[in-house]
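**Student:** One structure, as structure tokens, below. Some questions next.
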Amino acid sequence: MIERTPIDGLLLVRSDTYEDERGFFRQTYLASELERALGRAPRFAQGNHSRSAAGVVRGFHAEPWDKLVYVVRGTAFCAVADLRVDSPTFAEVVTVTLGDPPGARARLFIAEGLGNAFAALDEVDYVYDVSEEWTPHADKRAIALEDPDLAVDWPVDEPVVSPADAANPTLRERFPDHPRWRR
């Protein structure tokens, strides 16, 4: 089942879990469902897997490709911000918890240009497929995790953040002439 969010291109992909004494089975997505929801066929060219210790906060990164995210182990508080300057929902944020808690086993489809970030609430294995292969010259857009215009209430007391993420600019610094700031 695919749920739309207030941000165009951000989808929550849910599926049933079948459990018994041996464990569980879950289908994490169907390409045909994504195609119907997107109005185009999804394409995945590279799969990635990262592990983060409890308290790590990663992102906001928006790359020139779609992502399909799944938290395999642990619990992640995910935030997705619309960083597309021409979007009617520019600077809006949707948050969702993915991972181990009941009801949180879902995937996020994150369209090109949306920035995603997450906080590892415990040790997290974060798996994501992307629609293009990574290149060192990819047009990546990153925004400060503590951007006051995004106003994400990160549920981590002492976040562990990379030096690169700590140095990211705010939306107003990156897009000083955006019409949103004149409202």
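**Student:** Apply the Karplus curve 6.51 cos²θ - 1.76 cosθ + 1.60, θ = phi - 60°, to the phi angles in the stretch 71-77 and return the couplings in whole Hz, x for Gly and Pro.
**Tutor:** In residue order, the calculated couplings are 8, 6, 9, x, 9, 10, 8 Hz.
**Student:** Please list the non-local residues whose amide H lies under 5 Å from the amide H of V160, H modeled 1.01 Å from N, same-chain partners needing a gap of 5 or more.
**Tutor:** Under 5 Å from the amide H of V160: V56, V57.
**Student:** Counting DSSP beta bridges with both partners in the stretch 40-183, what percentage is antiparallel, nearest 5?
**Tutor:** Values: 36 of 37 bridges.
Of the beta bridges lying entirely in the stretch 40-183, close to 95 percent run antiparallel.
**Student:** May I pose another question? I'd like the distance separating the alpha-carbon centroids of the stretch 8-23 and the stretch 107-158, in whole Å.
**Tutor:** About 21 Å separates the Cα centre of the stretch 8-23 from the one of the stretch 107-158.
**Student:** Rounded to the nearest 20 debye, what is the charge dipole size of the chain about its Cα centre when +1 sits on each Lys and Arg Cβ and -1 on each Asp and Glu Cβ? Write out the running numbers ahead of the final one.
**Tutor:** Details: 21 positive and 31 negative charges, 86 e Å.
Here the chain has a charge dipole of around 420 debye.
**Student:** Please list 3J(HN,Hα) in residue order for the stretch 30-36, calculated via the Karplus relation 6.51 cos²θ - 1.76 cosθ + 1.60 where θ = phi - 60°; whole Hz, with x for glycine and proline.
**Tutor:** These are the phi-based 3J(HN,Hα) values: 10, 4, 5, 5, 4, 4, 4 Hz.
**Student:** Within a 10 angstrom radius of the beta carbon, how do W181, W154 rank from fewest other beta carbons to most?
**Tutor:** Least crowded to most crowded, the residues run W181, W154.
**Student:** Could you put F60, F109, F118 in order, starting from the residue whose Cβ has the fewest other Cβ atoms within 10 Å? Mind showing how you got there, number by number?
**Tutor:** Numbers: F60 26, F109 22, F118 29.
Listing F60, F109, F118 from fewest to most nearby Cβ atoms yields F109, F60, F118.
**Student:** Within the stretch 1-91, report the trypsin sites (Lys or Arg not before Pro) that DSSP leaves as loop and that have at most 12 other Cβ atoms within 10 Å. Present the calculation step by step, with values, prior to reporting the outcome.
**Tutor:** Working: sites: R4, R14, R22, R26, R36, R40, R43, R51, R58, K67, R73, R84; in loops: R22, R40, R43, R84.
In loop regions of the stretch 1-91 (DSSP not H, G, I, E or B), the sparsely surrounded trypsin sites (Lys or Arg not before Pro) are R22, R40, R43.
**Student:** When the helices in the chain are scored as -39500 (n - 2.57) per DSSP H run of 4 or longer and the sum is shared across all residues, what 222 nm value do you end up with, to the nearest 500 deg cm²/dmol? Walk me through the numbers before you get to the answer.
**Tutor:** On the way: 3 runs with 16 residues, N = 183.
Helices in the chain give a 222 nm mean residue ellipticity of -2000 deg cm²/dmol.
**Student:** Taking Rg and Dmax of the Cα atoms in Å straight from the coordinates, which label in [x] 21.5, 82; [y] 16.4, 58; [z] 21.5, 75 is the correct one?
**Tutor:** Computed from the coordinates, Rg and Dmax of the Cα atoms in Å corresponds to [y].
**Student:** OK, next. Of V96, V57, how do they rank once you tally other Cβ atoms within 10 Å and put the fewest first?
**Tutor:** Numbers: V96 18, V57 24.
By the 10 Å Cβ count, ascending, the order reads V96, V57.
**Student:** For the stretch 94-183, with only Lys/Arg (+1) and Asp/Glu (-1) charged at the beta-carbon, what is the dipole magnitude about the Cα centre, in debye rounded to 20? Show your work: numbers first, answer last.
**Tutor:** Values: 9 positive and 18 negative charges, 120 e Å.
Dipole size: approximately 580 debye.
Since every read-out is calculated from the coordinates, none of them should be taken as a lab result. Model, not experiment: these values are computed from the prediction. A quick note on method: Cβ atoms are made from the backbone with ideal geometry, for glycine too, and the neighbour counts reach across all protein chains shown.
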